[in-house]
Amino acid sequence: MGGVSATEQAPYASFLFNITPIEIAAEENLPEVVTYLLSRNDVHADVAGATSALHWATQYNHVECVQALLAPDSPVNANSLNQYSQYPLHSAASRASLEAVQFLLSRGAVCTVRDRIGWTPLHYVCCDSDKKAEQAQILGMLLESGGDSVMNAQDDEGNTPLHFAVCEDLSECCEVLLHAGSQASLNIRDMYGETPLEIAFVKQNSCRDVLLRYANGNG
């Protein structure tokens, strides 16, 4: 598409792939295009499209796009649900998008929200990622912002964030959770009857020693 501007490319791409121009702009990290599109009445009225764009931007840590989508006159906000019953904080936490999480929290994103299977943002951040340092930082931020009220929350299968962290060998996240006071999770059983401590012994991963230390009162 040589010689075609970004604002012209977006509608063309939407025709090909059945997604809206503002979603493409958010995914491709084009904040100027996002701002332009939001100024159009037809786009501004499409709350579903803007919501999906916000989730794309948070997932990929495109902070300038997130800022544009959460401008005062935007049709969406930091707690706008997408079609999968996920909140922006879920999307940002799923990819360990540190700056996006920080911005969402500054705009009033709620840490205690759950998706359709009971996952909180804490569950999402304790999933597999190649950004373990960011995951631990985000977890600390969520707990500080009120996520401590759901640090032991169980999803629809009985899993706590600690269950997830142990399964994914995220020892830093285990340390953050247990230091914040989630020792109760050590003995919470999921729907299969397994506790995080038992899973750690089965997997023999780096989380085992962290959990044992707290179980023995040496955290």
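Quick rundown of the values:
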{"quantity": "Selected residue (criterion: surrounded by the fewest Cβ atoms within 10 Å (Cβ to Cβ)) from residues of the range 100-110 that are more than 22 Å from Glu175 (Cα to Cα) and not small (Gly, Ala, Ser)", "calculated": "Arg107"}
{"quantity": "Set Asp156, Asp130: member being among the acidic types (Asp, Glu), under 29 Å from Arg107 (Cβ atoms), modelled with pLDDT of 95 or more and within 21 Å of the chain's Cα centre (by Cα)", "calculated": "Asp156"}
{"quantity": "Helices (runs of 4 or more DSSP H) within the range 90-164 that include 3 or more residues in contact (Cβ under 8 Å) with a residue 12 or more places away in the chain, touching a Cys at 6+ places or on another chain (Cβ under 9 Å) and not polar (S, T, N, Q)", "calculated": "121-125, 132-144"}
{"quantity": "Flag if Glu23 is part of a helix (DSSP H, G or I), buried (at least 20 other Cβ atoms within 10 Å of the Cβ) and not β-branched (Val, Ile, Thr)", "calculated": "yes"}
{"quantity": "Selected residue (criterion: surrounded by the most Cβ atoms within 10 Å (Cβ to Cβ)) from residues of the range 167-187 that are aliphatic (A, V, I, L, M) and under 21 Å from Met141 (Cβ atoms)", "calculated": "Leu177"}
{"quantity": "Check on Val113, under 12 Å from the mean Cα position of the chain (by Cα), under 20 Å from Ala48 (Cα atoms) and either modelled with pLDDT under 95 or surrounded by fewer than 24 Cβ atoms within 10 Å (Cβ to Cβ) (or both)", "calculated": "yes"}
{"quantity": "Subset of the range 165-212 [more than 23 Å from Asp115 (Cβ to Cβ) and outside any helix (DSSP H, G or I)]", "calculated": "Asp169, Gly181, Gly193, Thr195, Gln204, Asn205, Ser206"}
{"quantity": "Candidates Gly219, Gly193 - the one that is farther than 26 Å from Ser91 by Cα and either at pLDDT 95 or above or surrounded by 18 or more Cβ atoms within 10 Å (Cβ to Cβ) (or both)", "calculated": "Gly193"}
{"quantity": "Residues (assigned to a helix (DSSP H, G or I), without any contact (Cβ under 8 Å) to a residue 40 or more places away in the chain and either touching a Lys or Arg at 6+ places or on another chain (Cβ under 6 Å) or crowded, with 21+ Cβ neighbours inside 10 Å (or both)) located in the range 26-37", "calculated": "Val33, Val34, Leu37"}
{"quantity": "So Glu64, is it acidic (Asp, Glu), closer than 28 Å to Thr120 by Cα, in contact (Cβ under 8 Å) with a residue 12 or more places away in the chain and assigned to a helix (DSSP H, G or I)", "calculated": "yes"}
{"quantity": "Matching residues, the range 142-166, being surrounded by fewer than 20 Cβ atoms within 10 Å (Cβ to Cβ) and not small (Gly, Ala, Ser)", "calculated": "Glu144, Asp148, Asn152, Gln154, Asp155, Asp156, Glu157"}
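The values are calculated or read from the model by the stated rules, or taken from the named source; none is laboratory data. Just so we're clear, the structure is a prediction, and the values are computed from it rather than from any experiment. We place every Cβ from the backbone using ideal geometry, glycine too, and count neighbours over all the protein chains shown.
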